[in-house]
Amino acid sequence: MNFLRRRLSDSSFVANLPNGYMTDLQRPDTSTSSPASPAMERRHPQPLAASFSSPGSSLFSSFSSAMKQTAQAPPAGLLEPLGPSTPVVQRPRILLVIDDAHTDWAKYFHGKKANGEVEIRVEQAEFSELNLAAYVTGGCMVDMQVVRNGTKVVRSFKPDFILVRQHAYSMALGEDYRSLVIGLQYGGLPAVNSLYSVYNFCSKPWVFSQLIKIFHCLGPEKFPLVEQTFFPNHKPMLTAPRFPVVVKLGHAHAGMGKIKVENQHDYQDITSMVAMAKTYATTEAFIDSKYDIRIQKIGSNYKAYMRTSISGNWKANTGSAMLEQVAMTERYRLWVDSCSEMFGGLDICAVKAVHSKDGRDYIIEVMDSSMPLIGEHVEEDRQLIADLVVSKMSQFLMPGGTVPSPLRPWAPQTKPAKSPGPGQPRPPTQGGPRQAQSPQPPRSGSPSQQRLSPQGQQPLSPQSGSPQQQRSPGSPQLPRAPSGGSPNQGSRPGATLPAQPRPPVQGRSTSQQGEEPKKPAPSHPQLNKSQSLTNSLSTSDASQRGPPSEDEAKAETIRNLRKSFASLFSD
């Protein structure tokens with residue numbers, strides 16, 4: 001017993017005991033030191049740090065607490081955010097509506113949102129109330145000065161979208177706002193209709209020239225266009241082929257600037273008026289009309305109207321007239337669909353025609369988004385225009401969305417069948433003759449399957465004397481043969497090539513086709529490395545050749561490089 005007490009007095013022995021392990025042998029004699037029992041001592045164990053004073057015990061305590069914190073911590077993927085995420089509120093998009101004050105377009109866009117979440121703020125003004133400044137990178141800043149309820153309102157803003165419902169040019173009223181259209185286009189703003197088409201509609205003969213193209217494309221039966229003659233000034237206006245004739249001066253709307261001429265004497269008087277106006281003029285045969293026809297298209301909505309003059313005026317849009325909606329026929333649909341494709345596409349347009357008393361139709365004019373709305377469904381048409389604008393805004397204002405240009409790019413366009421693009425299969429790079437790949441039909445020597453050279457030169461055809469020439473990276477540029485095949489032709493399936501005698505090259509047979517003399521020379525200056533490797537001429541197997549030489553070693557190196565590139569870039 002005394003031995004055990006001596007061992008317990010040793011601090012190193014006590015340190016190795018488990019935590020809370022207390023015995024009567026560790027304490028002094030219970031009869032003399034304390035009346036408390038050993039059971040009471042076990043109810044109040046010593047803390048770990050207090051019981052063990054050695055460095056090892058403190059390290060064990062730190063390790064235990066770290067393990068407990070790690071077990072209680074949630075996984076990294078289940079961590080909750082520190083606070084509620086704040087939704088990103090996008091700024092409202094500004095829609096500039098160019099129209100007179102008779103129509104309040106704000107109520108038609110009330111509650112509508114672009115992409116279902118971006119608010120639309122409507123700013124409405126006429127061309128005469130606008131001014132602007134356009135920048136290359138800063139867009140377009142518009143200044144607006146309008147009078148609302150007797151109060152002058154001045155505002156400056158940067159519009160995001162434009163709706164044009166007003167004519168930008170009218171010679172009759174002396175209004176020319178084409179410079180504003182240029183400024184909006186300069187700022188790169190999307191619009192309905194496009195600003196490119198709005199500017200092109202500032203000259204009626206220019207628009208009529210597009211109708212002439214449709215007339216020649218569809219023919220007089222499907223697209224009956226009225227016969228018209230254009231005069232840039234009064235000098236060539238000597239006489240008309242027949243009378244009565246309608247003379248139209250310059251660019252005007254709503255029947256203004258149109259005169260019906262009955263005879264030659266009146267025609268000469270009108271010629272003098274054209275000289276005073278210093279403008280162009282057109283003449284067209286007068287059509288004794290029974291009624292006018294108007295076919296309008298707003299997005300994908302079509303309507304057809306018939307207008308009959310009551311006042312007896314030869315202009316159905318002047319004076320009193322009776323208007324009624326008629327059935328939309330496939331003939332009318334063809335007219336308006338054909339006209340909606342001009343100037344890169346018209347989202348809103350209308351075709352005007354005249355139905356003569358002999359039962360024939362004559363197309364006389366096409367209108368753009370500035371056309372007046374008529375009939376009993378004006379409110380419906382305005383709502384259709386608003387829905388169309390919201391759809392276009394959602395399309396153009398999406399992240400990464402761009403405004404499609406109606407102009408064709410300046411780079412020359414080539415057909416994919418003639419110029420292999422990046423999406424087409426690569427030419428084979430293995431040794432041997434060129435073989436057609438599975439996604440592509442075998443090439444033949446016909447002109448319809450010609451392929452352009454790598455840098456876009458003239459197509460190489462068998463008739464021109466070089467069918468699908470392939471040169472090795474070390475072969476020089478050889479002149480084209482005047483007829484027959486080229487001296488450096490490679491054999492291809494589907495093309496029969498005339499046998500050409502060639503000089504023997506280092507033990508090679510002159511009857512071997514599809515081989516090239518391996519003469520070291522600079523590569524073709526117009527080919528890059530990948531093209532020169534993939535388009536190199538295939539050679540026959542080394543077992544068919546004579547003793548290896550320096551040229552043969554170079555050819556073998558090139559062939560190995562070609563196979564390496566083929567394995568790297570193969571699908």
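The values are calculated or read from the model by the stated rules, or taken from the named source; none is laboratory data. Predicted, not measured: the structure shown is a model, and the values here were computed from it. Here the Cβ is made from the backbone with ideal geometry for all residues, glycine too, and neighbour counts use every protein chain on show. For the accessible areas, the whole protein counts, side chains as well, though only heavy atoms, and no ligand, DNA or RNA atoms are used. Shrake-Rupley method; radii C 1.70, N 1.55, O 1.52, S 1.80 Å.
Can you tell me which residues in region 155-180 are under 36 Å from the mean Cα position of the chain (by Cα) and open to solvent by 60 Å² or more (accessible area, probe 1.4 Å)?
Passing the criteria: ARG155, SER156, LYS158, HIS167, GLU175, ASP176, ARG178, SER179.
Is at least one residue of region 260-281 open to solvent by 60 Å² or more (accessible area, probe 1.4 Å), among the basic types (Lys, Arg) and outside any strand (DSSP E or B)?
Within region 260-281, one or more residues are open to solvent by 60 Å² or more (accessible area, probe 1.4 Å), among the basic types (Lys, Arg) and outside any strand (DSSP E or B).
Take region 344-372 and flag every residue that is closer than 30 Å to LEU195 by Cβ, in a loop (DSSP other than H, G, I, E, B) and out of contact with any Gly (no Cβ under 9 Å at 6 or more places or on another chain). Give the derivation first.
Start the filter on region 344-372 by keeping residues that are closer than 30 Å to LEU195 by Cβ, which leaves 344-353, 363-372.
After this cut, where a residue has to be in a loop (DSSP other than H, G, I, E, B) as well, the list is 345-347, 368-372.
If the condition is that a residue be closer than 30 Å to LEU195 by Cβ, in a loop (DSSP other than H, G, I, E, B) and out of contact with any Gly (no Cβ under 9 Å at 6 or more places or on another chain), then GLY345, LEU346, ASP368, SER369, SER370, MET371, PRO372 are the ones that fit.
Cβ-Cβ under 9 Å, sequence separation 6+ or interchain: first residue in region 140-159 and in contact (Cβ under 8 Å) with a residue 60 or more places away in the chain, partner surrounded by fewer than 12 Cβ atoms within 10 Å (Cβ to Cβ). Which pairs?
Taking only residues 6 or more apart or on different chains, the pairs are LYS158/GLY138.
Name the single residue that is farthest from the chain's Cα centre (by Cα) among those in region 111-123 being over 16 Å from LEU189 (Cβ atoms) and in a strand (DSSP E or B).
It comes out as GLU119.
Filter region 226-259 down to the residues that are in a strand (DSSP E or B) and not hydrophobic (A, V, I, L, M, F, W, C), then identify the one that is nearest to ASP361 (Cα to Cα).
Step by step, filter region 226-259, then rank; the result is GLN228.
List the residue pairs whose Cβ atoms are under 6 Å apart, where the first residue sits in region 176-194 and is part of a loop (DSSP other than H, G, I, E, B), the second is open to solvent by less than 10 Å² (accessible area, probe 1.4 Å) and among the polar types (S, T, N, Q), and the two are 6 or more positions apart or on different chains.
Listed by first residue and then by second, the contacts come to ASN193/SER369.
Between residues in region 255-283 that are touching a residue at least 12 places away in the same chain (Cβ under 8 Å) and at positive phi and residues that are surrounded by 13 or more Cβ atoms within 10 Å (Cβ to Cβ) and not in a loop (DSSP other than H, G, I, E, B), which pairs lie under 7 Å by C-beta distance while being six or more apart or on different chains?
GLY257/LYS248; GLY257/LEU249
Which condition does ILE214 not pass, out of (1) among the hydrophobic types (A, V, I, L, M, F, W, C); (2) open to solvent by less than 30 Å² (accessible area, probe 1.4 Å); (3) without any contact (Cβ under 8 Å) to a residue 60 or more places away in the chain, if it passes all the others?
Condition not satisfied by ILE214: (3).
Being at pLDDT 95 or above and of a type in the set (Ser, Thr, Tyr) is the filter; apply it to region 301-336 and report the residue that is surrounded by the most Cβ atoms within 10 Å (Cβ to Cβ).
For region 301-336, the residue satisfying everything is TYR332.
Please go through region 130-143 and give me each residue that is in contact with a Leu (Cβ under 9 Å, 6 or more places away or on another chain) and modelled with pLDDT of 95 or more, ordered by number.
LEU130, ASN131, LEU132, ALA134, CYS140, MET141, VAL142, ASP143
Does TYR305 satisfy the condition of being touching a Gly at 6+ places or on another chain (Cβ under 7 Å) and either of a type in the set (A, V, I, L, M) or outside any loop (DSSP other than H, G, I, E, B) (or both)?
For TYR305, the condition - touching a Gly at 6+ places or on another chain (Cβ under 7 Å) and either of a type in the set (A, V, I, L, M) or outside any loop (DSSP other than H, G, I, E, B) (or both) - is met.
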